[in-house]
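One structure is given here, and the rest of the page talks about it.
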Amino acid sequence: MDLLRGKTAVITGAASGNGRAIAQSFAEQGGAIIVADVQSEPRQGGTPTHELITEAGGDATFVECDVTEYEDCVAAVEAAEEFGGIDVMVNNAGIVGPQGPLVELDFEEYQQLMDINLTGVFHGAKAAALQMIEHGNGGSIINMSSVAGMNGYGEITPYSAAKGGTRLFSYALANELGPDGIRVNAVHPGVIETAMTVEDQPVVGTEEGEQLKQMIPLRRFGDPEDVAGVCVFLASDLSSYVSAESIVVDGGNLNSS
């Protein structure tokens, strides 16, 4: 299928995990991809995302991008000009950050998480919106939140706060940019099998994880491709009248959504 033929997408955090799957899925649908990340090497090892895409005959470029630096996000958006300019921005980069009781958390770690997970969304959205408005062709901005940003979970309080902020930021920005033909939506994954849930905040493969899995109607954790499929929809013209929405990707777990 060619749902994204003729569209160019900038995807932050696209070297690994959900971002890597989103980039590959977009490319399979005919989109040109700017892989924006702090490094090109995937955390899990293997061929860099942009090389996988180009080896398969697609269009992709890697741009070193630290989302805490606004100018890096501007550079990633400007790189899209090689393929005709930005049509889709996926603000995906994020970390799980400090875990534990609030009274034991370190402020510097908290601030780093906010800088990446929330300020990074602001930087990416601003850089993309400026270009989209200038080009006058509308566009789609997709912000990666989490089910933690809908309910909030103890002992990952800063993460919940940042993802909740991303949710409301998306709603507000959708209202602001709608007159320019720019749609803004938030995606809220549940437990997805990535390095974040295997290594950073171990859930997959643990006893607690197996118990959690039994609370999910589909009786499995998500794959990055599950998140990517939703993002393809939001990036494509199939969702041309969808904006200011939160789409939950959690297997139907009523306890998280």
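The values are calculated or read from the model by the stated rules, or taken from the named source; none is laboratory data. Predicted model, so just to flag it, every value in this text is computed and none were measured. With ideal geometry, Cβ positions are generated from the backbone for all residues, glycine too; neighbour counts draw on all protein chains shown.
Kindly indicate which of LEU238, LEU234, LEU212 is surrounded by fewer than 15 Cβ atoms within 10 Å (Cβ to Cβ) and under 30 Å from PRO42 (Cβ atoms). Before the answer, list the steps.
Working: LEU234 fails: surrounded by fewer than 15 Cβ atoms within 10 Å (Cβ to Cβ); LEU212 fails: surrounded by fewer than 15 Cβ atoms within 10 Å (Cβ to Cβ).
Among LEU238, LEU234, LEU212, only LEU238 is surrounded by fewer than 15 Cβ atoms within 10 Å (Cβ to Cβ) and under 30 Å from PRO42 (Cβ atoms).
Within the set of pairs 6 or more residues apart or between chains, which connect a residue that is over 9 Å from SER140 (Cβ atoms) inside region 233-246 to a residue that is modelled with pLDDT under 95 and not in a loop (DSSP other than H, G, I, E, B) with Cβ atoms less than 9 Å apart?
SER246/MET150
Hey, among VAL77, VAL96, VAL63, VAL88, which residue is within 30 Å of LEU177 (Cα to Cα) and at pLDDT below 95? First the steps, then the outcome.
Details: VAL77 fails: at pLDDT below 95; VAL63 fails: at pLDDT below 95; VAL88 fails: at pLDDT below 95.
Within the list VAL77, VAL96, VAL63, VAL88, the selection yields VAL96.
Which of the residues spanning region 33-46 are over 14 Å from VAL232 (Cβ atoms) and either crowded, with 19+ Cβ neighbours inside 10 Å or of a type in the set (Gly, Ala, Ser) (or both)? Steps first, answer last, please.
Going residue by residue through region 33-46, those that are over 14 Å from VAL232 (Cβ atoms) are 34-46.
ILE34, VAL35, ALA36, ASP37, SER40, PRO42, GLY45, GLY46 - these are the residues of region 33-46 that are over 14 Å from VAL232 (Cβ atoms) and either crowded, with 19+ Cβ neighbours inside 10 Å or of a type in the set (Gly, Ala, Ser) (or both).
Any residue at all in region 104-116 that is among the hydroxyl-bearing types (Ser, Thr, Tyr) and touching a helix residue (DSSP H, G or I) at 6+ places or on another chain (Cβ under 7 Å)? Spell out how you get there, then give the answer.
Initially, region 104-116 is screened for residues among the hydroxyl-bearing types (Ser, Thr, Tyr), giving 110.
Filter once more, so that each one left must be touching a helix residue (DSSP H, G or I) at 6+ places or on another chain (Cβ under 7 Å): 110.
Looking through region 104-116, at least one residue is among the hydroxyl-bearing types (Ser, Thr, Tyr) and touching a helix residue (DSSP H, G or I) at 6+ places or on another chain (Cβ under 7 Å).
Out of the residues in region 224-248 meeting the condition of being aliphatic (A, V, I, L, M) and assigned to a helix (DSSP H, G or I), tell me which one is farthest from VAL90 (Cα to Cα). Step through it out loud before you land on a result.
Our first condition is that a residue be aliphatic (A, V, I, L, M); within region 224-248, this holds for 227-228, 230, 232, 234-235, 238, 242, 244, 247-248.
Cutting the leftovers down to assigned to a helix (DSSP H, G or I) gives us 227-228, 230, 232, 234-235, 238.
Working: VAL227: 12, ALA228: 11, VAL230: 12, VAL232: 10, LEU234: 10, ALA235: 9, LEU238: 17 Å.
Among those that are aliphatic (A, V, I, L, M) and assigned to a helix (DSSP H, G or I), it is LEU238.
Just to be sure, is GLU208 within 30 Å of GLY30 (Cα to Cα) and in a helix (DSSP H, G or I)? Explain how you work it out, then say what you get.
Working: within 30 Å of GLY30 (Cα to Cα): no; in a helix (DSSP H, G or I): yes.
Considered against the rule, which asks whether it is within 30 Å of GLY30 (Cα to Cα) and in a helix (DSSP H, G or I), GLU208 comes out as no.
Conditions (1) buried (at least 17 other Cβ atoms within 10 Å of the Cβ); (2) closer than 20 Å to VAL230 by Cα; (3) out of contact with any His (no Cβ under 6 Å at 6 or more places or on another chain), marked per residue:
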residue	(1), (2), (3)
ILE95	yes, no, yes
PRO98	yes, no, yes
ASP106	no, no, yes
GLY124	yes, yes, yes
ALA129	yes, no, yes
GLU134	no, no, yes
ASN143	yes, yes, yes
ASN151	no, no, yes
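Which residue, of ARG167, ARG183, ARG220, is closer than 26 Å to SER25 by Cα and crowded, with 22+ Cβ neighbours inside 10 Å? Break it down stepwise before answering.
Details: ARG167 fails: crowded, with 22+ Cβ neighbours inside 10 Å; ARG220 fails: crowded, with 22+ Cβ neighbours inside 10 Å.
Only one candidate passes the filter, namely ARG183.
For residues that are of a type in the set (Phe, Trp, Tyr) and touching a Pro at 6+ places or on another chain (Cβ under 8 Å), tally how many sit in region 50-106.
Summing the residues that are of a type in the set (Phe, Trp, Tyr) and touching a Pro at 6+ places or on another chain (Cβ under 8 Å) in region 50-106 gives 1.
Return yes when GLY164 is within 15 Å of ALA93 (Cβ to Cβ) and among the small types (Gly, Ala, Ser) and no when it is not. It would help to see each step written out before you state the result.
Numbers: within 15 Å of ALA93 (Cβ to Cβ): no; among the small types (Gly, Ala, Ser): yes.
So GLY164 does not fit the description; no.
May I ask you to say which residue of GLY229, GLY205 is surrounded by fewer than 18 Cβ atoms within 10 Å (Cβ to Cβ), out of contact with any helix residue (DSSP H, G or I) (no Cβ under 6 Å at 6 or more places or on another chain) and within 21 Å of ARG167 (Cα to Cα)? Before the answer, list the steps.
Numbers: GLY205 fails: within 21 Å of ARG167 (Cα to Cα).
Going through GLY229, GLY205 in turn, the sole match is GLY229.
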